[in-house]
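First the structure, in the form of structure tokens, and then the observations on it.
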Amino acid sequence: MSQITESKAEMVKGLIERAPDAAIRNLLAALSADRGHDDGLTRVQHMVEAEAGDRNARNLVFAPVAPLCAAPGPFSGLSFPPRTLALIWRALKEQAPAEVASAKALAYSWRAEASPDLLDQLCAKAADGLRSAEGTWAAAAAAADQGGGRDALIACLDIGPITRRALDQMPEWLGRMTSEKAAKLRLAYRDAVAVVEDAGPRFFEMLAAHLAEPWLILRVISGVMDRPNEAYVAGSELAGFGERVLADIDRQLAAVSAFRPTAGRQAAHLAAAAAHTVTIEAAELEQSIQLSPEGVWGRRLAKQKLALAVAVETQLRAADDIVAAALPLQTLRIGPRTIRGAPRLTHPPDTAAAERALTLLTFMTEVRSSAANGGFASARAKTLEVLEHRLDTYVEKVLEEIRADDGVDPNRARAFLEIAAELCGLARDEKAAQIVRRRAAAA
């Protein structure tokens, strides 16, 4: 690609403009990492750099609403098609090129203490443009209508300045709430509602869209309303936030319940993460809202917590049998003596059985952080106690077989010890696994 024609350059530019933000970041990183470009790639890099700079300015200007312009996720209560943001920005560049140029310069040298007045002014111009829906604004308004609607987006832009300043204080509001923090939070909420009477839910939607863990918005709602009771929230326009958390708990529970030891260790990681998410979301709901055992949400959450404990304990009950299949024992008769529970070393390890055991113990290891809040800590501890005894006994007996040198294939015996070492590492820690390996090597 020593040279690139104008027609191809325009085609590449169009592709770059339509690419998602993540793709632009990855492409820019790849092109910047290699300095040995020919003229064609250098031109492409300049296009990507210009697009990245343009998007940085756009995302800074529309920071309060930018996360809403994305494909809806499980927690999305309000969203607009991703192209909506690009269309608004394009229309704004035509209407106010000088202000947009100033915003780009501001984005290039942005500091936390910089004044956002220019950014707020551009949000106001965008809101006015969407209201008119004339010229290039027509396409942006039509795109918004395919999501939450242009009126909803206009309302979000109207409270954009308040939300922008609220986002700066979100880390404080998500921490330990004090009376001073709560006062600031309630003031921001009142300011939003003063702009648009029904702005409360939108204000929370805009804040939630910026959270990696969107259920944390319950803390903000609780701070505004001083930990409201379930009946009040469930019957209000904010009910959707609680319902979404409960619905996500159901989704996570389905992932835990669907887990099987035959699914592999990656599935174990995902199922354990789902169990952890259930306990976090349940705790967040209980701490943020006064739930009632007789309330709809209170009853539903109690059933969900019970379902999590049952799903995990079902796996725990199967653990000893699954480990026994990976490290099989047999009963031997030697003369007048009967030896029970001797390691069966006549065949190579069953790799499928070993993988099932390793998968299940991976799950058991990773649900440790969820055990106390999930209600299965005691069952997990008892299961591990049984497994540790089985593993310790098995290792000692295999080592005895190797030392006895009574026809046992030492390589096959060490293969079983390696499986036992991996299981010990999961049941206890890596140090325990290393001890088994050293003893196997020395035998």
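Numbers below:
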read-out	value
Computed lengthening from Arg165 to Ala142, 0.36 nm per intervening residue step minus Cα-Cα distance	5.4 nm
Qualifying lysines (Cα of each under 17 Å from Cα of Lys93; at least 8 residues distant if same chain)	Lys104, Lys125
Cα-based shape type of the chain, given that a ≥ b ≥ c are square roots of the gyration tensor eigenvalues and the cut on a/c is 1.5	oblate
Global geometry of segment 160-226, whether rounded, prolate or oblate, following the gyration tensor of its Cα atoms and the 1.5 cut on a/c	oblate
Sequence of Val296, Val398 once ranked by neighbouring C-beta atoms within 10 Å, starting from the fewest	Val296, Val398
Ranking of Lys382, Lys125 by count of other Cβ atoms within 10 Å, fewest first	Lys382, Lys125
Estimated FRET transfer efficiency when R0 is 56 angstrom, pair Thr262-Lys181 (beta carbons, to 0.05)	0.70
With 5 Å bins from 0: P(r) over segment 148-270, alpha-carbon pairs, percent	2, 10, 19, 19, 18, 11, 7, 6, 5, 3, 1, 0
Angle in degrees between helix 199-208 and the longest Cα principal axis of the chain, rounded to the nearest 10	50 degrees
Measure of compaction for segment 248-442 (Cα Rg per 2.2 N^0.38 Å)	1.24
Acute angle (nearest 10 degrees) that the helix 377-404 long axis makes with the longest principal axis of the chain, alpha-carbon atoms	50 degrees
Quotient of C-alpha Rg and 2.2 N^0.38 Å, computed over segment 246-316	1.15
For segment 286-313 and segment 95-159, distance of Cα centres in Å	42 Å
Sequence of Glu172, Glu99 once ranked by neighbouring C-beta atoms within 10 Å, starting from the fewest	Glu172, Glu99
Computed [θ] at 222 nm, deg cm²/dmol, the chain (DSSP H ≥ 4; -39,500 (n - 2.57); rounded to nearest 500)	-24000 deg cm²/dmol
Acute angle (nearest 10 degrees) that the helix 239-258 long axis makes with the longest principal axis of the chain, alpha-carbon atoms	30 degrees
Cα pair distances exceeding 22 angstrom across segment 62-226, given as percent	43 percent
Hypothetical label at Thr393: residues of segment 409-423 whose amide nitrogen lies under 18 Å (7 Å Cα-Cβ projection)	417, 420-421, 423
Net lengthening on full extension, Glu243/Arg25 (0.36 nm per residue, minus Cα-Cα)	75.0 nm
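Each value in this text was obtained by applying a stated rule to the coordinates, not by laboratory testing. Quick caveat: nothing in here was measured; it's all calculated off a predicted structure. Counting neighbours? That spans all protein chains shown, and the Cβs are built from the backbone with ideal geometry, glycine included.
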